[in-house]
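The values are calculated or read from the model by the stated rules, or taken from the named source; none is laboratory data. Bear in mind that the values here come from a model prediction, so they are computed numbers and not experimental data. Note that we place each Cβ from the backbone using ideal geometry, even for glycine, and neighbour counts take in every protein chain shown.
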Amino acid sequence: MSELRVGRGEFDGRFPRVVALGGGHGTAVTLRAIREFTPLVTAVVSVADDGGSTGRLRELLDVVALGDLRKCLVALAEPSSLLATAFEHRFEDGELAGHALGNLILAGLLEAAGDLQGGIDAAAELLKARGRVLPATTEKVVLKAIAESGEVAGQAAIASTGRIAKVSLVPSDAVAPDEVIGAINDADLVVVGPGSLYSSVLAAACVPGIVDALNENSERVVYVCNLHPELPETAGYDVAAHVRALKEHSIAVETVLCDTGPGMEVGSVECRVVQRALAGSNGLVHDPGRLGRALEDLLAGAR
């Protein structure tokens, strides 16, 4: 199997450029891991979520999904930041019940800036974020899935669906910003996952343009597999099934980083598999420290 190779230039004596692609809590953990060894980190984040506070704001303000963008901005902020803690605060009563403060601030910054990326960058500056957050697309997209039960529309509904064959975005001609493609092309490492495979990871990766960029730079792409099958979305999946799902979406993976300790089987994987202890103390989520060291080791071995 092929070995991981670094980006277009050697990074001896400087920080590596790393891209994390996905959405939600999984990508937030990846960002916390990456920021431990480089400030040159870019998050490419799905904007297809339609549940909770995000879904309500999408309908009310006609904006893209803000929740995953917020999570990634907070992950890149200093851990001791009071403002980052406030971004995650959810109101419990009244008309704001269920809303995360950070989503409301982001919505206001988008309107004040006049464009999506300007609002995100303004939030990053407020949070003193170490790195940059980019939306996978600036279009107001809806995630659609073809499953054994039929066609399912909406990220929240798909997350509650099993036996999924394929996901796609509506509109189908939504494109990735040039900055996203440039970040992937210039990266020394592109980390895909972990996270909900169909409703989060592929919701970002299947954007036209991103698929091509991932494949053109596949020798520098690492897929971080989940620690457990996610019910019902990936019930019964092993590592090999995750890789096959990526392949079904035209994404070729050459290196997979996984931890089989918590119970995820490897299966027959037709690519390079790197097994490391990645789980946190509860065995349910990845530990940012362990994941960061594993990713840094992959980079060191590629130099």
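Any residue in the range 91-111 that's of a type in the set (Phe, Trp, Tyr): show its pairings with residues that are part of a helix (DSSP H, G or I) at Cβ separation under 8 Å, as long as the two are six or more apart or on different chains.
Pairs that qualify, where the first residue is of a type in the set (Phe, Trp, Tyr) and the partner is part of a helix (DSSP H, G or I), are Phe91/Leu101.
Which residue pairs have Cβ atoms under 8 Å apart, sit 6 or more places apart or on different chains, and have a first residue in the range 142-160 that is in a strand (DSSP E or B) and a second that is of a type in the set (Lys, Arg) and modelled with pLDDT of 95 or more?
Every condition considered, the pairs that remain are Ala145/Lys166; Ile146/Lys166; Ala147/Arg163; Glu151/Lys144; Val152/Lys144; Ala153/Lys144.
Filter the range 41-64 down to residues that are part of a loop (DSSP other than H, G, I, E, B) and surrounded by fewer than 19 Cβ atoms within 10 Å (Cβ to Cβ) and give me whichever is nearest to the chain's Cα centre (by Cα).
Gly51
Across the range 221-251, what is the number of residues that are farther than 13 Å from Lys166 by Cα, of a type outside the set (A, V, I, L, M, F, W, C) and either assigned to a loop (DSSP other than H, G, I, E, B) or at pLDDT below 95 (or both)?
8
Look through Leu257, Leu299 and report the one residue that is assigned to a helix (DSSP H, G or I) and either of a type in the set (A, V, I, L, M, F, W, C) or out of contact with any Pro (no Cβ under 8 Å at 6 or more places or on another chain) (or both).
Going through Leu257, Leu299 in turn, the sole match is Leu299.
Considering only residues of the range 65-80 that are farther than 15 Å from Leu110 by Cα and in a loop (DSSP other than H, G, I, E, B), which is nearest to the chain's Cα centre (by Cα)?
Residue satisfying both the conditions and the ranking: Ala77.
Among what's in the range 133-166 and is more than 26 Å from Leu73 (Cβ to Cβ) and of a type in the set (Ser, Thr, Tyr), pick the residue that is surrounded by the most Cβ atoms within 10 Å (Cβ to Cβ).
Thr161
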